[in-house]
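Report on the structure given below.
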Amino acid sequence: MVPRQEYKAVVSSYWLYKVKKVVDGSVEKHKARFVAYGFSHVEGIDYDETFSLVARYSSIRSILAISAQVGWKIH
């Protein structure tokens with residue numbers, strides 16, 4: 001926790017919980033994500049850029065397959 005800066009607005013947020021189930025109704029896994037209300041902040045004041053921490057598994061596999069064929073080094 002840090003003190004709020006005078007010129008910054010506080011962005012409201014909440015946790016979203018889901019229970020994923022299998023076809024027979026049993027619980028497969030529990031999922032949680034943190035969601036911020038994006039409409040309550042202003043670009044340039046509250047944030048400068050946006051990013052996503054999610055990468056699709058199929059995209060990673062494709063890049064690794066192409067790099068193996070071409071002979072690129074992965075680091």
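The values are calculated or read from the model by the stated rules, or taken from the named source; none is laboratory data. Note that this is a predicted model, so its numbers are computed, not measured. Cβ coordinates were reconstructed from backbone atoms using ideal geometry, including for glycine residues, and neighbour counts include every protein chain displayed. Accessible surface areas use protein heavy atoms only, side chains included; no ligands, DNA or RNA. Shrake-Rupley method; radii C 1.70, N 1.55, O 1.52, S 1.80 Å.
Tell me whether segment 51-58 contains one or more residues that are part of a loop (DSSP other than H, G, I, E, B), exposed (fewer than 10 other Cβ atoms within 10 Å of the Cβ) and either touching a Gly at 6+ places or on another chain (Cβ under 8 Å) or of a type in the set (Phe, Trp, Tyr) (or both).
yes
Every residue in segment 13-34 that is over 21 Å from Leu53 (Cβ atoms) and either open to solvent by less than 100 Å² (accessible area, probe 1.4 Å) or outside any loop (DSSP other than H, G, I, E, B) (or both), please.
Of everything in segment 13-34, those that are over 21 Å from Leu53 (Cβ atoms) and either open to solvent by less than 100 Å² (accessible area, probe 1.4 Å) or outside any loop (DSSP other than H, G, I, E, B) (or both) turn out to be Val19, Lys21, Val22, Gly25, Ser26, Val27, Glu28.
Could you list, in sequence order, all residues of segment 16-56 that are out of contact with any strand residue (DSSP E or B) (no Cβ under 7 Å at 6 or more places or on another chain) and at pLDDT 90 or above?
Val23, Asp24, Gly25, Ser26, listed by residue number.
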